[in-house]
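The values are calculated or read from the model by the stated rules, or taken from the named source; none is laboratory data. All figures in this text were calculated on a predicted structure; none of them were measured in a lab. No Cβ is skipped: glycine too gets one built from the backbone with ideal geometry, and neighbour counts run over all protein chains shown. For the accessible areas, the whole protein counts, side chains as well, though only heavy atoms, and no ligand, DNA or RNA atoms are used. Shrake-Rupley method; radii C 1.70, N 1.55, O 1.52, S 1.80 Å.
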Amino acid sequence: MKKIYSIIYCVLSLLMTSCYGDFLEIEPNRKLAVPATLKDLDALMDNTTLLNANALLIMGEIGTDDYYLNETDWNSLTNPYQKNGYVWAKDIYEGQQCPGWNNAYQKILYANLVLESIGKLERSTKNEVQWDRIKGTALFWRAWQFFQLAQIFCDDYQKESANQKMGIPIRLASDINQQNTRATIEDTYKQIVQDLTEAGDLLPALAEEKTRPSKQAVYALLARTYLQMKEYELAKEQAERCLAVSDVLISYSDMNSNLNFPFPLYARGNTEQPLLDAMIRTQTFASFLKIDTALLRSYEAGDLRVATYFSVSNGYHVFKGTYNGYATYNPFPALDEVYLIKAECNERMGNHDDALKDLNQLLVHRYQKGAYQAKTMENTKNILTEILNERRKSLIFRGVRWSDLRRLRTEAAYAKTIVRVLGNKRYELSPEQEHLYTWPIPDNVINLGGITQNVR
């Protein structure tokens, strides 16, 4: 046990160094302690303080249309990336660190260290379950970080240009001296799919603890990934595999919506959540956000999402409906998102009846008992529009709105211009401003050399 803690301490010391100086700036002469046993590797992969704390997708949420700030609150923001990200400014960081970038590449370093170490340990009939789970876990966490980085730091996936446009640095080794170059967007997504596919072959169907990944979590993330790639048949297939493991939805009518945090704590009782991941709230979301009034008006009478997701503070609606059951948000796809992915894919593939069936299966659990009127071909003008609207209404602050705005900006019917008004200043993000949908690479990473900056 003493040996395990010694290894963890050495690795954590390295990682904590990278919190304050970028991961890629760690001195070349620093040495990693190499884990020697499966027990050591298990301890590394069960470091929930690092692996299950997320500082990346909240960056995308900063630029979305689900909330607004008044001028006083905006001026009160002390972190440049939060303040500048709200108005899609050219200079985001003002020379400061980017915690989301650092946090993601720390986890990738962790995963790579485990993958290299487990390759040196024999797999036998006595340890094959543990061996497979550890390797699958490392592959999963690496893929999840690559996916999140792709949503923030490279353009949205467009099949015709994915081979020409820059993706992210794909780190596949723990060697901190490895040269950093940006892969293409195509290769970025290929790596995500490859890691997840291999992880799915190794992990159990359901994990003993929801802090650990599982086959169901892999299928859910693959469904979200393929949706971003607009590979609708593949996304539907993965959504179905996810729901085949478990498809139990929460009936909001059985919950106490008056609570400050209506959902069960730490995911233990939340049947919709395959994985516990805590998206750390920034100052913007912890103190100042006000829910978009047009979004609030879109909920119908009898829709329990209003009371479950929101409360009123100082005359404004604020968000309380975190699926973690406490003050952090969970950006990992839950089963309600998987149902919506399946519905969207069915509709885009021309399976209208199946799309409505998927949508109705979800929404009947969101309304007061007896209040929901099922959607049919006769009473629904545009099924895809309904599904996309329900994504926004159901998945608020789940780390998906920014990705949805990006992928839909090229579809005229669903592209949206976002407007911010602060005092007498007006800021606008239009679908044509492709460069503003991609965050710049952090300044200190660019200063190291070898990585090309995004156009801003």
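Rounded, prolate or oblate: which fits the stretch 154-229 when a ≥ b ≥ c are the square roots of the eigenvalues of the alpha-carbon gyration tensor, with rounded for a/c under 1.5 and prolate only if a/b beats b/c? It comes out oblate by the Cα gyration axes.
Can you find, among 440, 340, 161, the residue farthest towards the positive end of the dipole of the chain? Put +1 on the C-beta of Lys and Arg, -1 on that of Asp and Glu. So the residue furthest toward the plus end is 440. Calculate the length of the line joining the C-alpha centroid of the stretch 56-88 to that of the stretch 190-211, in whole Å. First find each Cα centre; the distance between them is then 33 Å. Counting protein heavy atoms only, the stretch 289-375 has 47 percent of its accessible area on carbon and sulfur, 1.4 angstrom probe.
In loop segments of the stretch 144-205 as defined by DSSP, the trypsin sites (Lys or Arg not before Pro) with at most 14 further C-beta atoms inside 10 Å of their C-beta are 159. Note on the chain: with charges restricted to the Cβ of Lys and Arg (+1) and Asp and Glu (-1), its dipole about the Cα centre is near 640 debye. Here the stretch 154-265 has 45 percent of its accessible surface on carbon and sulfur atoms, given a 1.4 Å probe and all protein chains in place. Per residue, the stretch 296-428 exposes 41 Å² of solvent-accessible protein surface, assessed with a 1.4 angstrom probe and all protein chains in place.
Loop-located chymotrypsin sites (Phe, Trp or Tyr not before Pro) across the stretch 293-376 with a Cβ neighbour count of 15 or fewer within 10 Å are 326, with loop assigned by DSSP. Exceedance of the 27 Å cut-off in Cα-Cα distance is limited, within the set 236/393; 236/320; 126/210, to 236/320. Span-like helix criteria (full DSSP H runs; alpha carbon extent of at least 30 Å along the helix axis; mean Kyte-Doolittle hydropathy of at least -1.0) are satisfied in the chain by 128-153. When shorter helices are ignored and each DSSP H run of at least 4 residues is given -39500 (n - 2.57), the per-residue value for the chain at 222 nm works out to -13500 deg cm²/dmol. Specify whether the C-alpha gyration tensor of the stretch 291-431 places it in the rounded, prolate or oblate class, a ≥ b ≥ c being the square roots of the eigenvalues: rounded for a/c under 1.5, otherwise prolate if a/b is larger than b/c and oblate if not. Oblate is the answer for the stretch 291-431, as a/c is 1.5 or above yet b/c matches or exceeds a/b.
Once C-alpha pairs closer than 8 Å and six or more residues apart are averaged by separation and normalised to the residue number of the stretch 358-456, the relative contact order reads 13 percent. Each label point was placed 7 Å from the Cα along the Cα-to-Cβ direction; for residue 354 and residue 187 their separation is 3.5 nm. Mean sequence separation of contacting Cα pairs (under 8 Å, at least six apart), scaled by the length of the chain, corresponds to a relative contact order of 18 percent. Relative contact order, whole percent, for the stretch 116-204 stands at 37, derived from Cα pairs under 8 Å and 6 or more residues apart. Here the stretch 341-414 is treated with +1 on each Lys and Arg Cβ and -1 on each Asp and Glu Cβ, and its dipole about the Cα centre works out to around 440 debye.
Separation of the stretch 135-151 from the stretch 408-456 is 24 Å, based on Cα centroids. Applying a DSSP loop filter and a limit of 14 other Cβ atoms within 10 Å to the GluC sites (Glu not before Pro) in the stretch 202-299 leaves 208, 209. The alpha carbon gyration tensor of the stretch 250-313 gives principal lengths a ≥ b ≥ c with a/c of 1.5 or higher and a/b no greater than b/c, which makes the shape oblate. The residues of the stretch 89-158 have, on average, 32 Å² of accessible surface per residue, using a 1.4 Å probe with all protein chains present.
Near residue 89: Cβ cut-off under 10 Å, other residues only, Lys/Arg at +1 and Asp/Glu at -1. The net charge is +1.
For Cα Rg over 2.2 N^0.38 Å, the value computed from the atomic coordinates appears in the list (i) 0.96; (ii) 1.04; (iii) 1.14 under label (i).
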